[in-house]
Protein chains: 2
Amino acid sequence: MEQAPVAETRPYHHGDLRRALVEAGRRLLEAEGGSDLSLRAVAREAGVSPAAPYHHFRDKNELLDALAMEGWDQLGDQMRAALAEAEVGRDRLVTLGVAYVRFSRMNPAIYRVMFACSQNNETMPEKLRDEGAYRLVCDTLIESGLDPEDETGLELAAIAVWCAAHGVAEMVGFKEFAPLQAHLGGEEAFLRALFSQLDIFRPHLVAQAV
Amino acid sequence: MEQAPVAETRPYHHGDLRRALVEAGRRLLEAEGGSDLSLRAVAREAGVSPAAPYHHFRDKNELLDALAMEGWDQLGDQMRAALAEAEVGRDRLVTLGVAYVRFSRMNPAIYRVMFACSQNNETMPEKLRDEGAYRLVCDTLIESGLDPEDETGLELAAIAVWCAAHGVAEMVGFKEFAPLQAHLGGEEAFLRALFSQLDIFRPHLVAQAV
DNA sequence: AGCCAATCTTGACAACGATCAGATGCGCCC
DNA sequence: GGGCGCATCTGATCGTTGTCAAGATTGGCT
């Protein structure tokens, strides 16, 4: 039961339950994301009573928020990695979009939680804006020729890109798209074709459009 | 209790409970879409016992499906109406997208149900494809210069457009967008600007891109 | 008229989110 | 170093939900 004391701030007398709960939740989400996560199930998975979490989270929603935050971090990492691997100057935005969607496809339950929380809070975590995926998009847009001085235009473009990626992420799983997907040679090709249809993802058009 | 025998199949001895349930559900969704709809609440609203709905719907999900179907119809109507009012040849796709998002903004609860069901079924109702919003998008794309013969290209573009609209619909409510929205002069202008960023919505670019 | 079957109600069960009164034990202060 | 304070955890409980089984009720067909 006892786990080795990690370097992090180990709070009180039973180990780092908050951390344990978040990890239990992540485990459950990864295992079976079908239905929605139950707070009692998370407590069970962590080996504590159903009321224990309420000493670390005010709500079930606050636990989900914590899970979502981890998701945003992970998403940012994967997008950064995808960008690092991609050749410079060639469809960087498409690469970013594909990475975004691939994350949502490989972690559907976590992604759903991430966005459900965002909808509840009606706001996005600042970490996202400062150092996360949003920042990446802005940088790539500038790289693609957008004027860094034009704040309005930049934000508008970034939002548009994000909306498109989110829309694709939520719809690409529909069974009805399977034939077309197969016809194009798999999900990756399908995604690239889809994003390329949204011409904002093509640097030369972006530059001329603004 | 007895109502005049309508032309439709009038089921059995207590009036058209199925219809009453769907309407009760719609009423509740319109009234307060905050939390998710409870099957018991719908039964309560319709004035029947909590178990009564199970004679007309296998599940809670099947009731939600019925509600979603009404939503798709309503959405199609509103998009059709928006298109009818718009001037010909000028940003018809943007008009369509704006109408889509406006529907989702004015009926957020129903829209959420519509898409939650789609995600469960992993498929879209055929009515959508045949005579609904999807068909409208395809027609407008052709009108904008896409080759009607190129099925793959047409479907790809339609899916891309739809994805973008859906993404915008789900994200446009974020509080963080409020300043930019105000700066652009309201939601309508914000939406048009957003869609215009996705250059697929500009006919002359579409024609040249394909 | 009389029966069949579909409809609706009652009652029940398990699971859920949330709260509250106690038990438990860490850490700090004297 | 001993005792106390307080955060942490448990157990019980409440109201609600989805779903099911059994019984009451009623309309329609023969």
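Condition first: within 11 Å of DNA strand C (Cβ to nearest atom) and not in a helix (DSSP H, G or I). Now tell me which residues in the range A:43-64 satisfy that.
If the condition is that a residue be within 11 Å of DNA strand C (Cβ to nearest atom) and not in a helix (DSSP H, G or I), then A:49, A:50, A:51, A:57, A:58, A:59 are the ones that fit.
Kindly list the number of the only condition in (1) open to solvent by 10 Å² or more (accessible area, probe 1.4 Å); (2) modelled with pLDDT under 95; (3) of a type outside the set (Phe, Trp, Tyr) that fails for residue A:182.
Of the numbered conditions (1) open to solvent by 10 Å² or more (accessible area, probe 1.4 Å); (2) modelled with pLDDT under 95; (3) of a type outside the set (Phe, Trp, Tyr), the odd one out for residue A:182 is (2).
Residues in the range B:64-79: is at least one in the same structural domain as residue B:198 (by TED's automatic domain parsing) and within 11 Å of DNA strand D (Cβ to nearest atom)?
yes
Residues that are of a type in the set (Lys, Arg), at least 3 per element: which helices (runs of 4 or more DSSP H) completely within the range B:65-173 meet that?
Here the list reads B:92-106.
Quick check, is residue B:40 within 12 Å of DNA strand C (Cβ to nearest atom), of a type outside the set (Gly, Ala, Ser) and touching a Pro at 6+ places or on another chain (Cβ under 6 Å)?
In short, yes.
Read through the list (1) in contact (Cβ under 8 Å) with a residue 40 or more places away in the chain; (2) within 20 Å of residue B:165 (Cβ to Cβ), then give the number of the only condition that residue B:120 fails.
The one condition residue B:120 does not meet is (2).
Restricting to the range B:110-131, name every residue that is among the small types (Gly, Ala, Ser) and open to solvent by 10 Å² or more (accessible area, probe 1.4 Å).
Initial filter on the range B:110-131 (among the small types (Gly, Ala, Ser)): B:116, B:118.
Matches in the range B:110-131: B:116 only.
Please determine whether any residue of the range B:26-42 is surrounded by 15 or more Cβ atoms within 10 Å (Cβ to Cβ) and in a loop (DSSP other than H, G, I, E, B).
Checked against the condition, which is being surrounded by 15 or more Cβ atoms within 10 Å (Cβ to Cβ) and in a loop (DSSP other than H, G, I, E, B), the range B:26-42 yields at least one hit.
The values are calculated or read from the model by the stated rules, or taken from the named source; none is laboratory data. As the structure is a computational prediction, the values presented were derived from the model and not from experiment. Backbone-built Cβ (ideal geometry, glycine too); neighbour counts: all protein chains shown. Side chains included, ligands, DNA and RNA excluded: accessible areas come from the protein's heavy atoms. Shrake-Rupley method; radii C 1.70, N 1.55, O 1.52, S 1.80 Å.
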